[in-house]
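Have a look at the structure below before the remarks.
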Amino acid sequence: MKVATLFSGIGAFEFALKRMNIKHEIIFACDNGGIEINYNVDREFKHIKSLSSWQAQKTYVDKLYEKMTTKTNFVKRSYLANYNIDESRFFQDIRLFDGTKFKKDKIDILVGGSPCQSFSSVGSQFGLEDARGTLFYDFARIVKETQPKVFIYENVRGLYNHDKKNTWKGMKEIFKDIGYDFYDAILDSKDFGVPQTRRRLFVVGFKQSIKGFSFPKPKKLNYKAQDFLLDNLKLGNFSSKKGELSLDFKKGSYDPKYFLSPKLKAYVMKGGTKSFYQKPEINLPIARTILSTMGNRHRAGIDNYYTINGRIRMLTEREAHRFMGFTDDYDIVVSRAQGYKQAGNSIVVDVLIALINSIIEKVNIS
């Protein structure tokens, strides 16, 4: 299976294929790790298009980043540590990525999820050009340029109502405009084996018309959040077999630094203010949505806390990855803060596994 990802993050899609034991080749991945640099997009992209090879294009962009920032792309570091891909095929900037260079690779599935941004509805045409200046434009542009058999697009469920529903209306028109039949649904990770409430919009597009597509049906949740904690499941015992999670319950350990100090406990257990109040709840059997900012220690009405031997603690970064479906063979090679951020920005692997199975039923891509 030939695959490619945009806004690749820590490779939830690639990890899904790994857990499923599906042989695949990563044609390209792309993520700037949240690094922002200022440049004239149109001018630089015009120059990119003048270069004869994707290797020359990548070298130019990498040098541009080296010249304009000293920040490290930690997402790239995590991705390269976990997947079979040469560094030359990891690109840093979707805005300066020329997908036409990869059309001949005949990509089977392209996956990505851009930030939710409004775009112009001037003339009410909602064509691809109306989305220019947004990262969704670049996602759609690259789908059009690479012509994969299937694409998967993921975003927050609030996209449906964003900008008075104009954003979703425009995106639907663009998906049609680039020549894809598409289906959309809200999927929740707790319906696919992971005890976390995480509702996300998934769009699946097919280059060739098919006779209907059904999103995967919810299945019984066999685990509670406490089962994913290191207290009950030591490091190395959170694995998978044939794509399904496999838990070997033997108690583990972790650094005591994850317990809350008395001062921090008093803060997180507050309900908030009169203008913003959320009931403090801990020890939830189905975890709240894993946040990229969880390292900031939000209050107990927002984040996840658990009582262990009478003391309250936050999740470890390893546990955060478990709640995203990353088994313990995933190598965390970044700092604690980056680990939380990368887990919270990812897609739940088990949802993607269910989605891939549904796609394979309709299209020959393996």
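Quick look at the values:
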item: In region 29-56, the residues that are part of a helix (DSSP H, G or I) and within 25 Å of MET1 (Cα to Cα); result: TRP54, GLN55
item: Cross-chain or 6+ apart pairs with Cβ under 9 Å, region 214-234 first and over 18 Å from HIS321 (Cβ atoms), then small (Gly, Ala, Ser) and in a loop (DSSP other than H, G, I, E, B); result: LYS219/GLY193; LYS220/GLY193; LEU221/GLY193; ASN222/GLY193
item: Test: residue in region 48-60 that is in the same structural domain as ASN21 (by TED's automatic domain parsing), at pLDDT 95 or above and under 21 Å from ILE332 (Cα atoms); result: no
item: Condition check for VAL75: more than 30 Å from ASN364 (Cα to Cα), among the aliphatic types (A, V, I, L, M) and surrounded by 21 or more Cβ atoms within 10 Å (Cβ to Cβ); result: yes
item: Conditions (1) in a helix (DSSP H, G or I); (2) free of Cβ contacts under 8 Å to residues at least 12 places away in the same chain; number of the one not met by ASN364; result: (1)
item: Yes/no for ILE26 being aliphatic (A, V, I, L, M) and either touching a Lys or Arg at 6+ places or on another chain (Cβ under 9 Å) or part of a helix (DSSP H, G or I) (or both); result: yes
item: Residue in region 1-23 that is nearest to ILE107 (Cα to Cα), counting only those that are basic (Lys, Arg) and not in a loop (DSSP other than H, G, I, E, B); result: LYS2
item: Selection status of ARG318, more than 18 Å from PHE228 (Cα to Cα) and modelled with pLDDT of 95 or more; result: no
item: Single residue of GLY11, GLY33 found to be within 15 Å of the chain's Cα centre (by Cα), crowded, with 22+ Cβ neighbours inside 10 Å and at positive phi; result: GLY11
item: Which listed residue, of LYS250, LYS263, is farther than 30 Å from LEU352 by Cβ and among the basic types (Lys, Arg); result: LYS263
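The values are calculated or read from the model by the stated rules, or taken from the named source; none is laboratory data. As the structure is a prediction and not an experimental result, all values here were calculated from the model. FYI the Cβ positions are ideal-geometry reconstructions off the backbone, even for glycines, and counts take in every protein chain you see.
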